[in-house]
Amino acid sequence: MQLSSPLRSLQIEVSTITSLAVAVAFCLIGTMVYRRKPEDERALIFYCLSLAATMLFVVRPLVYVDEFPSRGARSLAQMTGHQVVLYFVLTVLGYLVQVLMVHLALVFPERRRILENNPQLLHWLYLTPLLTFVGFPSFAMLSLPMRVLRLALFGLWLLVLMMMVYLARCWTREGWKPALRTRPVTVLGLMALLVISGIDSVLMLVPSEATRQTIGWVFGGITFGFTYLVFFITYSIIACVALYRSYRESGIEERKQVRWPLWGTIVSLSGVLLLIGLAGLLDWFGFARFLPIVAAEVVEKAFYVFIPLSFAFAILKYRLMEIDVVIRKTVTYSIVSGCVAAVYFALAGGLGGLLIIRADVTWITVGATLATVAVFVPVRKRIQNIVDKRFFRRKEDLPHALRTLHAKTSEITDLPVLLNVVAEHLVQVLQVRNAVIFRKSLREQAFMPAVEVGLHDRIEPTTLLRGLRLAGNTPLLASAGVAFRPPSHLPDAEQLAVKQLGTAPIVPMRRGEEPIGFISLGRKLSDQEFEPDEIEFLAAAADTTASAIYNLALRKQAQEYQEAREIQEKLLPKQIPQAPGLEISGSWRPARIVGGDYFDVFKLSESKLGLCIGDVSGKAMPAALLMCNLQAVVKALATESTSPSELVAKANRVMWVNTTEDKFITLFYAVVDAEARTLQFTNAGHNAPVLTHQDGTQVRLEEGGLIVGAFQEAAYAQGQIDLRSGDRLVMFTDGVTEAVNGEEEEFGEKRLVAASLRGRQLSAEALHRFLLDLVTEFCGGEFEDDATILVVAVS
């Protein structure tokens with residue numbers, strides 16, 4: 001048998017080198033992160049995790065080297081004292097890494113609410129794994145003399161009884177959940193004493209001391225290994241679940257931050273567990289030779305490195321700890337930049353070398369090499385810019401982000417969608433924790449939260465925002481700045497809201513000097529102050545948002561006007577009723593989208609028709625609403641037995657109640673009897689219609705009274721005229737005669753009367769179109785007021 005140093009074994013060399021490499025990686029990454037932000041809880045825990053992992057991977061080779069030469073030559077029960085110490089330290093470090101991993105998952109990227117609601121949770125987290133070691137005191141006690149062992153067991157059982165009585169009293173007083181949850185030391189100590197006392201009590205029944213020692217060591221070893229595996233799997237699952245819950249409950253930018261450690265941890269722990277399980281199965285079935293131990297160790301160490309790299313990348317890349325200073329020192333950026341430089345020099349040098357081989361003239365070689373370098377310089381710069389953009393947010397990105405915001409909001413037609421887009425854009429560009437946009441309610445004259453992005457279960461956003469109201473004159477907006485910190489002197493409710501929202505800057509949205517809302521932004525993921533260029537960006541974003549809200553209101557108003565026009569058009573006759581011997585035609589052209597002109601034709605009997613034309617003072621929506629009211633009143637009052645004067649008098653009383661002092665209506669109502677060839681009418685202050693006979697004589701229908709709605713009681717006269725064959729009756733509103741041309745000259749009634757005379761041979765449809773086209777040509781299609789024409793032709 002040839003003896004040699006275990007350090008000459010390839011397996012030990014590979015294991016030692018890979019373990020030390022992983023230890024160095026953990027140490028360097030943890031130290032670098034901690035130095036950037038030593039006061040940050042997350043950085044401290046990550047640093048402790050890195051140090052524990054460093055010591056773990058330093059101790060593992062020592063255990064391996066010490067245990068390797070005697071593998072298979074002795075049992076675990078024959079380990080020396082220093083080997084027991086090494087295994088104990090290795091186990092403690094392994095548990096510490098697992099516990100710190102879960103602790104970090106519970107505070108990254110922000111402290112979870114479960115820690116605030118359960119302050120004793122961390123005590124459970126750190127103390128529970130100690131139950132693995134309860135077997136060691138048990139085995140140590142077995143070596144005591146029997147008399148001393150009995151006395152020690154009696155004391156332990158007495159202590160167990162006292163602790164159970166204490167917990168029972170707490171249970172009765174507080175309930176079983178609070179009693180057990182808030183006393184981790186007592187509960188875990190009781191469990192440990194029960195295990196120690198129970199095992200030793202059972203083993204005391206074995207008569208032989210050697211047998212007791214053997215059973216104790218075998219049982220203890222199996223229990224220790226099984227418990228270690230259970231805790232490793234359980235804590236790994238808890239860490240992955242905690243990171244996944246953090247991912248689900250985080251804001252937009254925080255999700256990107258949590259995504260890296262989440263996947264890094266899942267890949268690392270899953271890979272290690274899978275490798276351990278696979279190695280165990282192969283060893284169980286005798287196929288271990290198919291998975292060399294050296295390869296398994298290298299792969300396992302590679303899986304562990306995913307954890308520090310993923311956390312460091314998330315912490316640094318997403319500006320949690322001053323990315324602009326640190327990121328250039330990170331491995332990722334250096335490797336990527338190095339690859340770009342290497343490819344560049346390889347291309348330039350390779351092509352230059354090829355030219356040296358091919359060319360005989362030196363100056364040609366040198367010139368060609370310089371030309372190659374010059375050609376690839378722009379390409380290298382372009383690729384390097386892409387790499388830098390991936391790792392940095394440059395100052396010139398903010399104008400681009402502002403243009404993007406303007407493009408996103410320019411065509412949105414829904415206010416909540418618009419505000420949500422703005423909030424998401426600000427969170428993504430500035431990488432802040434949350435954004436809440438408040439809008440001023442005109443009805444309540446208070447600022448109310450409209451949308452929120454980035455708030456999660458930690459502060460219960462639904463409950464917080466649902467009843468939140470800030471006074472219209474809130475001191476929160478007292479500053480005239482474009483972005484500022486919340487003032488210190490606020491009402492208690494507002495102070496609490498600002499604190500719960502984590503508001504860093506307030507960004508008012510103003511229309512002129514009047515604030516129409518404001519944006520509450522949370523702290524940046526880096527916990528840094530906002531830079532001057534970011535403040536300017538926020539001011540421009542607020543102005544863009546205010547303009548987008550105003551434009552949205554205009555688009556919404558235009559849409560509402562269009563819908564109102566459609567409703568108003570439905571109130572006007574689509575198909576004008578006709579009567580034997582009569583042809584009626586008319587149209588309406590509002591000066592705005594909607595108008596106050598009104599005309600209608602409706603049947604009163606087989607031979608009688610009601611003709612109505614009116615004009616409400618004013619334009620646009622107010623006039624349109626009053627016109628709709630007039631239409632409903634006339635429709636309700638018009639019957640075959642109601643004369644024009646009676647209808648106008650009743651309509652006047654109704655409209656007097658429904659109108660204000662500055663509103664009035666002109667109205668012409670007539671009843672035409674096609675069989676009797678008569679026209680009864682009442683003119684309430686309206687433009688007198690023109691009746692043109694076939695012989696060229698013309699009559700103005702003026703009998704009636706005052707305008708409608710101006711006085712509560714008014715008397716109205718009624719006129720009557722016989723209709724002749726060939727007569728043409730033209731009814732119109734003042735929008736026709738008051739249309740002006742480019743020289744500010746009105747069309748006037750004289751032109752309309754003259755045009756009616758010229759077109760007396762035309763049909764009702766043709767005459768109506770002729771008059772309307774004439775007026776449209778005169779004013780160039782630009783009507784100052786609503787224009788309506790209604791023509792009746794007697795055959």
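The values are calculated or read from the model by the stated rules, or taken from the named source; none is laboratory data. Quantities reported herein were computed from a predicted structural model and do not represent experimental measurements. Note that we place each Cβ from the backbone using ideal geometry, even for glycine, and neighbour counts take in every protein chain shown. Heads up: the accessible areas ignore ligands, DNA and RNA and are worked out on the full protein's heavy atoms, side chains in. Shrake-Rupley method; radii C 1.70, N 1.55, O 1.52, S 1.80 Å.
If I ignore ligands, DNA and RNA and count only protein heavy atoms, how much of K177 is accessible to a 1.4 Å probe, in Å² to the nearest 10?
About 110 Å², rounded to the nearest 10.
Using the Kirkwood radius over C-alpha pairs as Rh, can you work out the diffusion coefficient of the stretch 554-640 via Stokes-Einstein at 10 °C, viscosity 1.306 mPa s, in µm² per second?
Details: Rh = 13.9 Å.
D, rounded to a whole number, is 114 µm²/s.
Please list D785, D527 in order of solvent-accessible area, largest first, computed with a 1.4 Å probe with all protein chains present. Don't skip to the answer; put the middle values down first.
On the way: D785 25, D527 55 Å².
Sorted descending by solvent-accessible area, the residues read D527, D785.
Roll a 1.4 Å probe over the protein heavy atoms and report the accessible area of M162 in Å², nearest 10.
Around 120 Å² of this residue is reachable by solvent.
Going by accessible area, probe 1.4 Å, with all protein chains left in place, what is the ranking of C170, C27, C240, largest first? Write out the running numbers ahead of the final one.
On the way: C170 0, C27 45, C240 25 Å².
Largest accessible area first, the residues go C27, C240, C170.
Roughly how many Å² of V195 are accessible to a 1.4 Å probe, to the nearest 10?
V195 exposes around 60 Å² with every protein chain in place.
Could you list the residues of the stretch 508-535 with an amide nitrogen less than 15 Å from a label point located 7 Å from the Cα of F484 in the Cα-to-C-beta direction?
508-510, 514-515, 518-519
With each label point set 7 Å from Cα along the Cα-Cβ vector, what nm distance links N473 and S410?
4.1
Order the peptides 231-239, 551-559 from the highest to the lowest mean number of other Cβ atoms within 10 Å of their residues. Mind dumping the intermediate values first?
Working: 231-239: 18.1, 551-559: 13.0.
Highest-to-lowest ranking by the protection proxy: 231-239, 551-559.
Listed here are the pairs K570/K750; K574/K619; K408/K440; K574/K663; which of them are more than 25 Å apart at the Cα? Please list the in-between numbers first.
Working: K570/K750 33 Å; K574/K619 22 Å; K408/K440 23 Å; K574/K663 28 Å.
In this structure, K570/K750; K574/K663 lie more than 25 Å apart at Cα.
Just order 760-768, 94-102 by mean Cβ neighbour count inside 10 Å, highest at the front, would you? Write out the running numbers ahead of the final one.
Working: 760-768: 18.2, 94-102: 22.4.
My ranking of the peptides, most packed first, is 94-102, 760-768.
Of all the accessible heavy-atom surface of the stretch 628-703, with the other protein chains kept in place and a 1.4 Å probe, what percent is carbon and sulfur? Kindly include the intermediate steps, with their values, before the conclusion.
On the way: 1550 of 3170 Å².
The nonpolar share, carbon plus sulfur, comes to 49 percent.
For W176, W263, W124, write out the residues from largest to smallest accessible area, computed with a 1.4 angstrom probe and no ligands counted. Numbers along the way, then the final one.
Values: W176 130, W263 155, W124 60 Å².
Descending order: W263, W176, W124.
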